[in-house]
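Peer 1: This is the structure I have questions about; it appears just below.
The values are calculated or read from the model by the stated rules, or taken from the named source; none is laboratory data. All of these numbers come straight from a predicted model, not from anything done at the bench. Here Cβ is always computed from backbone atoms with ideal geometry, including for glycine, and neighbour counts include all displayed protein chains. All accessible areas refer to the heavy atoms of the entire protein, side chains included, with ligands and DNA or RNA removed. Shrake-Rupley method; radii C 1.70, N 1.55, O 1.52, S 1.80 Å.
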Amino acid sequence: MSVSINTNTSSMIAIETLNATQTALSQTENAVATGQKVSTSADNAASYGIAQQMTGNVAGQSAVNDGLTFASQIVSSTNTAANSILSVLKDVQQQVTSLGDNQSATSLAQISSQITSDLAEIDTIARNATLNGVNLLSASTSDGLGISSSSLSFVTGLQGDQQTITGYATTSLGSSYKTQLSSASVTVSGASSISTKNSLTDLLGLGSSASMGADATSNVFVTADGTLNTNNFSVAGTTGLAGMVALVQQAIIAMTNVTSDLGAKANVITSMSAYGTTLSNNLTSGAGALTDADMTAESAKLTSLQTKQSLGIKALAIANSQSQNLLSLFQ
């Protein structure tokens, strides 16, 4: 094989090998620094594109999960309020029942005052069950400061599926009591008009003509002149005191139905939230499988390439020295 000072083939091969090693070393160092084997589309266009779509879905699912968490908080706070209202209604039933044992004007006035106070507490609880402007127990969006919606809508999936929880004052409570109070079997003298229910206690038929956004100031059990309101008072054919007790019991049943429905919705939201978290984790794992680097393998590869780089530099130095060796032939 001839030796030439114009064309150093060994040096050319050494440079080519060293450049290839340097390129591979740069890629490995980038993988070690970023933790990703595919960090740009130049690394692997297909994997990068698929991973970007999956990470986009992760971001979307994160928003869905946040919405479900918010919905869960509203349902939970509403359920807490409804249970508190149930407790107060039990006290109302006790007070109404005791009306039959106390016929003096003073006793009736005292019990009536306690009943009205309990009803005011119910209205206050209902209005205060507001989270970020959403209240599922209010009779109207103007029934209290800060209430902007009496229904709750939330996204349940990446495809934009939605569910809506309509306020109970306009659906289950509203429809059932509007039907009951307007039927021939239920007549409550002094109760506010069916079409102008302004508060939860009005809606339940226990209060009368409360102002919008205000607490109950009277009840339907004792009249303004301090006598029992037994005239024209019947519930499902039950008249007098028994009818009054039956009306409170119907209110308790209605609120119990609300708590049952809220409990069922809470379970559904919890299940959807758990599934959403699992889906988000799976998407994250899938994207990682396409782009994440195996750090153990990259570490071993880095050591190997650094060794090859050192050897390549040494080989290039040897190849370059061959031209200098020719000088000895002319001495």
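Peer 1: Would you please put 117-127, 148-158 in order of how densely packed they are, using the mean number of other Cβ atoms within 10 angstrom per residue and starting with the highest?
Peer 2: Output ranking for 117-127, 148-158: 117-127, 148-158.
Peer 1: What spacing in nm lies between the two simple spin-label points modelled at Thr166 and Gln309, each 7 Å away from Cα in the Cβ direction?
Peer 2: Placing both labels 7 Å along Cα→Cβ, they lie 6.9 nm apart.
Peer 1: Working out 0.36 nm times the residue gap between Asn320 and Gln159, then minus their Cα-Cα distance, what length gain in nm do you get to one decimal?
Peer 2: 51.5 nm
Peer 1: So how do 305-311, 76-82 stack up, highest first, on mean other-Cβ count within 10 Å?
Peer 2: In decreasing order of mean packing, 305-311, 76-82 become 76-82, 305-311.
Peer 1: Rounded to the nearest 0.05, what FRET efficiency is calculated for Ala105 and Thr217 with R0 set to 22 Å and r the Cβ-Cβ distance? If you can, show how the numbers build up before the last one.
Peer 2: Values: r = 19 Å, r/R0 = 0.88.
Efficiency for this residue pair is about 0.70.
Peer 1: With a bin width of 10 angstrom, please list the P(r) values of the stretch 223-331 as percents of all Cα-Cα pairs, from the 0 bin to the one holding the largest distance.
Peer 2: 10, 13, 11, 10, 9, 8, 8, 7, 6, 5, 5, 3, 3, 1
Peer 1: Lys90: which aspartates and glutamates have alpha carbons under 14 Å from its alpha carbon, excluding same-chain residues fewer than 8 sequence positions away?
Peer 2: Leaving aside aspartates and glutamates fewer than 8 places away in the same chain, those within reach of Lys90 are Asp118, Glu121.
Peer 1: Something else about it: If r is the Cβ-Cβ distance from Gln114 to Val268 and R0 is 51 Å, what FRET efficiency results, to the nearest 0.05?
Peer 2: 0.85
Peer 1: With the crude spin-label approximation of a point 7 Å out along Cα→Cβ, what separation in nm comes out for Asn6 versus Asn257?
Peer 2: 10.4 nm
Peer 1: Tally up the carbon and sulfur contribution to the accessible surface of the stretch 213-331 as a whole percent, 1.4 Å probe, everything protein left in place.
Peer 2: Using a 1.4 Å probe with all protein chains present, the stretch 213-331 comes out at 57 percent carbon and sulfur.
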